[in-house]
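The structure under discussion appears below in the form of structure tokens.
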Amino acid sequence: MSEVHKRRPHYSGKYPRRFEEKYKELQPEKYGSEIEHVIAKGNTPAGMHIPIMVKEILEVLAIKPGERGFDGTLGYGGHSRAMLEALQGHGHLISGDIDPIESRKTEARLREAGFGPDLWELRQMNFCQIDELAEEVGPFDFIMADLGVSSMQIDNPERGFSYKADGPLDLRLNPEGGITAAQRLAEVDREELAGMLRENADEPYAEEIARQIISCNKKGKKIETTKALYEAVEVALSKISLPKEILERTGHSSKKQEAARRELVKKSATRVFQALRIDINHEYEVLYEFMEKLPYALAPGGRAAILTFHSGEDRIVKKAFKVFKQQDLYSEVADEVIRPGREECRANPRAHSTKLRWAIRASA
């Protein structure tokens, strides 16, 4: 039976703007030259994710053929693929992910690339369950975790990870379980919300934003979309005085002050989305649990590499590595973070905030 033909999405203007209209970017296997063009401009094609610091991770993990490894955050599969190639057909890699939507797509791509079940397998799991996995298959020679949200999740408005396109305020990494960000905002009180914004994202206007969101709730204007949340942040920040340094920089120009306030809103909105995502996915709790179990899941001399994307995550990783080094569970840990190079940041702007830390399991 022949496949039913689907007409490509129609869009106004010369270029598609909405996620679902970017039919070429969403079919990389068919429009390779289009993908290369988008990447060359320093952008990430819709529905894709460019892996960060692959070279540095491979140097840290020092993978040898025949070893067993675990990628705790499969995502688009870029890191897993690089590790599989380093195994040179000998050994085994298990990749975990809690996102059933994207992991199924990635599994199909890696199978298509020739990585069979003898070399690679996918587990639908949270990486903090690493102790159960290690008990089942044995300790690992190398383990990595990329704590960032994948571009596929951020760019798809149906997932609700960004204010840049309107969509349901979801933010769940696993949309098949748990409550949405909209449901969380409907039940939280002002004090708890302000604390969440401060602790999860260092938001300087946490009180003002929390007050505005709770005001919307009391008026029956539930915040259920990404646009509605952005607008709540916008209203909250319209009531504050611009910081002194911004006023000095913009002088008496109302246009410059207006542009500065818009930039302030964007930065705060980004932090608010981050804080909510961390909260509803219990990201800090999961990371604490993973870091506590990590040394016991590594074989003697095993290597671990962790990519973080904001200060809260990095503090947890840094402290855990330090504590376990003092307890002689790790023989070596990173003294300083490794950052992506200028060329990578220029080619992939989403790499800017990345920090890589590593540790080596003690041999005895």
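Some observations on this one:
- Selection of first residues in region 108-136 that are in contact (Cβ under 8 Å) with a residue 24 or more places away in the chain and of second residues that are polar (S, T, N, Q) and open to solvent by 60 Å² or more (accessible area, probe 1.4 Å), restricted to Cβ pairs under 9 Å at least 6 apart or on distinct chains, gives the following pairs, ordered by first then second residue: Arg123/Gln129.
- Test result for Arg342, under 30 Å from Leu193 (Cβ atoms), at pLDDT below 95 and open to solvent by 20 Å² or more (accessible area, probe 1.4 Å): no
- Of all the numbered requirements in (1) crowded, with 20+ Cβ neighbours inside 10 Å; (2) farther than 30 Å from Ile179 by Cβ; (3) of a type outside the set (A, V, I, L, M), Phe290 misses one, and that requirement is (2).
- Any hit, region 27-49, residues being of a type in the set (A, V, I, L, M) and modelled with pLDDT of 50 or more: yes
- Out of Arg271, Arg262, Arg315, sole residue that is crowded, with 19+ Cβ neighbours inside 10 Å and of a type in the set (Lys, Arg): Arg271
- Scanning region 88-130 for residues that are among the charged types (D, E, K, R) and either closer than 18 Å to Pro51 by Cα or open to solvent by 60 Å² or more (accessible area, probe 1.4 Å) (or both) returns Asp97, Asp99, Glu102, Arg104, Lys105, Glu107, Arg109, Arg111, Glu112, Asp118.
- Pair list, Cβ under 7 Å, 6 or more apart: region 346-364 residue under 10 Å from Ala304 (Cα atoms) and touching a residue at least 24 places away in the same chain (Cβ under 8 Å), other residue of a type in the set (Asp, Glu) and open to solvent by less than 60 Å² (accessible area, probe 1.4 Å): none
- The listed residues are His310, His352, His282, and the only one of them that is within 22 Å of the chain's Cα centre (by Cα) and either among the small types (Gly, Ala, Ser) or buried (at least 16 other Cβ atoms within 10 Å of the Cβ) (or both) turns out to be His310.
- Of residues in region 137-167 being touching a Gly at 6+ places or on another chain (Cβ under 6 Å) and at pLDDT below 95, the one most open to solvent (accessible area, probe 1.4 Å): Glu158
- Region 328-339 - residue that is farther than 19 Å from Ala145 by Cβ and either at pLDDT 95 or above or in contact with a Ser or Thr (Cβ under 6 Å, 6 or more places away or on another chain) (or both) and, of those, most open to solvent (accessible area, probe 1.4 Å): Asp328
- Residue that is farthest from Glu158 (Cα to Cα) [pool: residues in region 219-254 that are open to solvent by 80 Å² or more (accessible area, probe 1.4 Å), modelled with pLDDT under 95 and not in a loop (DSSP other than H, G, I, E, B)]: Glu248
- Output for region 171-218, where each listed residue is in contact with a Gly (Cβ under 7 Å, 6 or more places away or on another chain), within 19 Å of Pro157 (Cβ to Cβ) and not charged (D, E, K, R): Leu171, Ala181
The values are calculated or read from the model by the stated rules, or taken from the named source; none is laboratory data. Computed from a predicted model, the values in this text were never measured in an experiment. Positions of Cβ are generated from backbone atoms using ideal geometry, with glycine treated the same way; all protein chains shown enter the neighbour counts. Areas reflect the complete protein model, heavy atoms only, side chains present, ligands, DNA and RNA absent. Shrake-Rupley method; radii C 1.70, N 1.55, O 1.52, S 1.80 Å.
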